[in-house]
Amino acid sequence: MKYKHLFFDLDGTLWDIHRNAEITLQSMWKQFDCDPNLWEGFYKAYLHHNHRVWAMYRQGTMTKEELRTARFSRSMDDVGMNYSMELMEQFAAAFVDQCPRQPHLIPGALELLNHLSGKYIMHIITNGFKEVQGIKMEGSGLSPFFVHNINSEDVGVRKPNPEIFNYAFELAGTRADESLMIGDDWEADIIGAKNIGMDQVYLKLNNQRHNVHPTFTITSLIELKEIL
Ligand SMILES: [Mg+2]
């Protein structure tokens, strides 16, 4: 078998960040007494801004501290909400506290990992905040499957920077040509792995079109059982 080591992205690939974030924000909306009429507009704006601020964080044009609040303050600005800086701090802190405790996984995640377990050595490479990724993995039952959890904050650079992949290979004692990257983010996971010569599985959950072909493209995690 060609591949020995599998490197998985966490958020949006195994741990269902969109579902978990929506459930958390919905409950926080009540907890913080926000106007129910503004929920839909806020959540739509949040999806837009969250995507953008994470891209800025990846590129190093936004700090973690700024990201923590900007994803919410920009969304609340869009729907014309008034809030104090103090409330924004509390809101951001509550999200980082509550969201990682949500247990929902991408459909098929546990079935797939059970299928792969024992056949491959598996690791996580994530750009997510270090203090919460462990909580997500423990709470959702992912932890036992993975040997190394590589966090961008430990390396000092984020995917798609080649340094984080080199760090991962060294830690795992492997090379690009016997490893496979599985992820849902085109830039961070797919371009990142491709640039370093590692094969890629793109979990394509939206209709974005790209002019580069990944090694494999799947539209559900379970399809990976046929490849591996
Ligand atoms: Mg992801």
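So residue 187 passes all but one of these: (1) acidic (Asp, Glu); (2) within 23 Å of residue 120 (Cα to Cα); (3) open to solvent by 20 Å² or more (accessible area, probe 1.4 Å). Which condition number does it fail?
So the condition that residue 187 fails would be (2).
Just a yes or no: is a residue in the stretch 6-17 away from the ligand (no atom under 16 Å from the Cβ) and hydrophobic (A, V, I, L, M, F, W, C)?
No, the stretch 6-17 contains no residue that is away from the ligand (no atom under 16 Å from the Cβ) and hydrophobic (A, V, I, L, M, F, W, C).
How many residues does the stretch 54-75 contain that are in a helix (DSSP H, G or I), surrounded by fewer than 19 Cβ atoms within 10 Å (Cβ to Cβ) and either aliphatic (A, V, I, L, M) or touching a Gly at 6+ places or on another chain (Cβ under 8 Å) (or both)?
3
Can you spot a residue in the stretch 78-90 that is of a type in the set (D, E, K, R), within 16 Å of the ligand (Cβ to nearest atom) and part of a helix (DSSP H, G or I)?
No, every residue in the stretch 78-90 fails to be of a type in the set (D, E, K, R), within 16 Å of the ligand (Cβ to nearest atom) and part of a helix (DSSP H, G or I).
Would you mind telling me which numbered condition in (1) within 22 Å of residue 227 (Cβ to Cβ); (2) within 14 Å of the chain's Cα centre (by Cα) residue 151 fails?
(1)
What is the number of the single condition among (1) in contact (Cβ under 8 Å) with a residue 24 or more places away in the chain; (2) not in a strand (DSSP E or B) that residue 144 does not meet?
Evaluating residue 144 over (1) in contact (Cβ under 8 Å) with a residue 24 or more places away in the chain; (2) not in a strand (DSSP E or B) leaves (1) as the failure.
Inspect the stretch 158-165 for any residue being out of contact with any helix residue (DSSP H, G or I) (no Cβ under 6 Å at 6 or more places or on another chain) and within 28 Å of residue 99 (Cα to Cα) and give the result as yes or no.
Yes, the conditions are met somewhere in the stretch 158-165.
Could you please tell me which pairs satisfy a Cβ distance under 7 Å, a separation of 6+ or placement on different chains, a first residue in the stretch 11-25 that is touching a residue at least 60 places away in the same chain (Cβ under 8 Å), and a second residue that is β-branched (Val, Ile, Thr)?
11/17; 11/126; 13/106; 13/182; 14/106; 16/106
Any chance the stretch 57-71 includes a residue that's away from the ligand (no atom under 16 Å from the Cβ), at positive phi and under 23 Å from the mean Cα position of the chain (by Cα)?
Among the residues of the stretch 57-71, at least one is away from the ligand (no atom under 16 Å from the Cβ), at positive phi and under 23 Å from the mean Cα position of the chain (by Cα), which makes the answer yes.
Somewhere in the stretch 125-137, is a residue open to solvent by 30 Å² or more (accessible area, probe 1.4 Å), farther than 20 Å from residue 62 by Cα, over 14 Å from the mean Cα position of the chain (by Cα) and more than 16 Å from the ligand (Cβ to nearest atom)?
Checking the stretch 125-137: not a single residue is open to solvent by 30 Å² or more (accessible area, probe 1.4 Å), farther than 20 Å from residue 62 by Cα, over 14 Å from the mean Cα position of the chain (by Cα) and more than 16 Å from the ligand (Cβ to nearest atom).
Please determine, by comparing only the residues of the stretch 26-53 that are open to solvent by 10 Å² or more (accessible area, probe 1.4 Å) and touching a residue at least 40 places away in the same chain (Cβ under 8 Å), which one is nearest to the ligand (Cβ to nearest atom).
Filtering first and then ranking leaves 27.
Hey, could you check the stretch 147-159 for residues that are open to solvent by 30 Å² or more (accessible area, probe 1.4 Å) and in contact (Cβ under 8 Å) with a residue 24 or more places away in the chain and say which is nearest to the ligand (Cβ to nearest atom)?
158
I'd like the full set of residues that are away from the ligand (no atom under 16 Å from the Cβ) and under 17 Å from residue 152 (Cβ atoms), limited to the stretch 167-184.
Selection gives 167, 169, 170, 171, 172.
Hey, could you check the stretch 107-124 for residues that are open to solvent by less than 60 Å² (accessible area, probe 1.4 Å) and in a helix (DSSP H, G or I) and say which is nearest to residue 145 (Cα to Cα)?
Per the criteria, the residue is 113.
The values are calculated or read from the model by the stated rules, or taken from the named source; none is laboratory data. The structure displayed is predicted, hence computed values, not measured ones. Neighbour counts are summed over all protein chains in view; Cβ atoms, including those assigned to glycine, are modelled from backbone coordinates with ideal geometry. Keep in mind that these areas ignore ligands, DNA and RNA; they rest on the heavy atoms of the full protein, side chains included. Shrake-Rupley method; radii C 1.70, N 1.55, O 1.52, S 1.80 Å.
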